[in-house]
Structure formats: structure tokens, C-alpha cells
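J.: One structure follows; several queries about it will come next.
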Amino acid sequence: MRQVMISSSDANGADLGLRAKYGPLFDRYSVDLVVCGHEHDYERSLSVRGVVSGSETLTPNPSSTRTDDIDTSLGTVHMVLGGGVSGTTNQSFFKDGTAKVITAVADTRPAGGRRAATYVREQAVWTGVRDIEHPYGFAAFTVDPGRFAGDTTQLHVTYYNVNKPNGELSVFESFTLHRKRSDGHR
């Protein structure tokens, strides 16, 4: 996806419309991973399922606090992979545990500009990992589909920083998403 459902950056922010339309679909169909851009940084959520009760911003509800070995049968993980462009926003993360969510846009667009947006702040209870130090990076994915019916499928992810000024690579984090294959049900 381009637009994001999670973001703790004071740049574009998360989108309430996406949360309302896509969040229930991700839950219903047990989506393991959602990869987005739009924000120019790296951020990853905890696994989430449903919304925090009573939240006007449909705040994604953490279903686990694990950040290294994640059972995606418990919820969906969201990754913002926007660290490959200019105009980075990794220095714009909120430092107080909050985030902003776009809840509305103005009906009219000023000449040559964007329609004004309305934002609401929320507690970013879904925050898992953020890279505040490095503006550029990319992720590599390796899939192990399991060897037999009912085995465990694993998605190994490594996020690399592209370090300035010469572009050397370093590993920022590695984690694994896993779940039992559905073909083992009788």
C-alpha cells in the first residue's frame, strides 16, 4: 500500500479511512504483513487485531508484544518502508508515545495547494520498532513455506541501513513472522 494505517511520524500520519475500510479486511482474512510507503522512514508495528475499544481514530489494538518472533495468527504486522527516497522523515517521529491520524480533508483545494487536513492525536500503543537514526534503508524477505501439510510457514525479514556517506550496509533488525499452514486442517 502507499498510504499508511500506522505512523508515529509527524509527517503525513495514519489514515482513518484506511483503518475503517482495510483494517477489518486484514483481520477477517488473517493478513500476516502489510507493507507501505508514503512516510519517508522505517517503522514497524506490533501485531495488531481489531481496534482499541472506544477510540475515535480506530487505533489498532496490539495482539502481542513480540518484535522478534511473531505469530501472525494473532494479528497483522504493518511495515512502513519509506527509507529509499529524499526528504526523509525519520527525525520527525513523535517522542511522547503518540501519533496523528488524518480524519478529514477540506472539500475545496486552494489554488496550487493541498486540501487542508484535520488530524487527531492518539496513543501509539501499536508501535513496535522505529529507526530514528538512519534515514535510508531497505528490507530483504526470505520465505520458508514449510515442508508438509500443517507445517509452519516462516517469513524472515532483515532491514538494512544504507549508511552515509558511502552507502555501506548494516543490519538494523531481523525478525520472523510465522504461522501454521492452513492445509493441515482436517
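J.: Can you tell me the Rg and Dmax of region 1-119, counting just the alpha carbons, in angstroms?
T.: Over region 1-119's Cα set, Rg and Dmax evaluate to 14.7, 49 Å.
J.: If R0 is 25 Å, what FRET efficiency do you get for ALA140 and LYS21 from their C-beta distance, rounded to 0.05?
T.: Efficiency for this residue pair is about 0.25.
J.: Is region 27-186 rounded, prolate or oblate when judged by the Cα gyration tensor, a ≥ b ≥ c being the square roots of its eigenvalues, rounded requiring a/c under 1.5 and prolate requiring a/b larger than b/c?
T.: oblate
J.: Each label point is 7 Å from the Cα along the Cα-to-Cβ direction; what then is the distance between the points at VAL31 and VAL105, in nm?
T.: 1.9 nm
J.: Given H placed on each backbone N at 1.01 Å, which residues far from VAL77 in sequence or on other chains put an amide H within less than 5 Å of it?
T.: Those qualifying (amide H under 5 Å, at least 5 residues apart or on another chain) are LEU33, VAL34, VAL48.
J.: Continuing with this model, one more query. Please sort 126-132, 32-38 by packing, taking for each peptide the average over its residues of neighbouring beta carbons within 10 angstrom, highest first.
T.: 126-132, 32-38
J.: A follow-up question, please. Taking the Cα centre of the chain as origin, work out the dipole magnitude from +1 charges on Lys and Arg Cβ and -1 charges on Asp and Glu Cβ, in debye rounded to 20.
T.: The calculated dipole for the chain is roughly 540 debye.
J.: OK, next. How much accessible area per residue does region 31-162 have, counting only protein heavy atoms and a probe of 1.4 Å, in square angstrom?
T.: 50 Å²
J.: Then there's this: Give me a comma-separated list of calculated 3J(HN,Hα) values for region 160-176, in order, Karplus coefficients 6.51, -1.76, 1.60 applied at θ = phi - 60°, integers in Hz, x for any Gly or Pro.
T.: My calculation for region 160-176 gives 9, 8, 9, 7, 7, x, 9, x, 5, 9, 9, 7, 8, 7, 10, 8, 10 Hz in order.
J.: Could I ask something else about it? Using per-residue counts of other Cβ atoms within 10 Å, averaged over each peptide, order 146-157, 6-17, 93-104 from highest down.
T.: Sorting 146-157, 6-17, 93-104 by mean packing, highest first, produces 6-17, 93-104, 146-157.
J.: Angle between the Cα long axis of helix 16-28 and the longest principal axis of the chain, 0 to 90 degrees, nearest 10?
T.: Approximately 10 degrees, to the nearest ten.
J.: Let me ask you something else. Distance from a point 7 Å along Cα→Cβ of SER55 to each backbone N in region 124-160: keep the residues under 16 Å and list them by number.
T.: Residues 124-129 fall inside that zone.
J.: Sticking with this one: Over region 73-148, what percent of the accessible surface lies on carbon and sulfur atoms, probe 1.4 Å?
T.: The C+S portion of the solvent-accessible surface of region 73-148 is 54 percent.
J.: Can you pull the one-decimal nm distance between simple spin-label points at ASP69 and VAL120, each 7 Å off the Cα toward Cβ?
T.: 3.9 nm
J.: Quick check: residue separation of PHE148 and ASP10 times 0.36 nm, minus the Cα distance between them. What number comes out in nm?
T.: Result: 45.2 nm gained on full extension.
J.: Once the Cβ-Cβ distance between LEU169 and ILE132 is put in as r, and R0 is 25 Å, what FRET efficiency do you end up with, to the nearest 0.05?
T.: 0.85
The values are calculated or read from the model by the stated rules, or taken from the named source; none is laboratory data. What you see is a predicted model; the values in this text were computed from it and never measured. Note that we place each Cβ from the backbone using ideal geometry, even for glycine, and neighbour counts take in every protein chain shown. We work out accessible area using only protein heavy atoms, side chains counted, and drop any ligands, DNA or RNA first. Shrake-Rupley method; radii C 1.70, N 1.55, O 1.52, S 1.80 Å.
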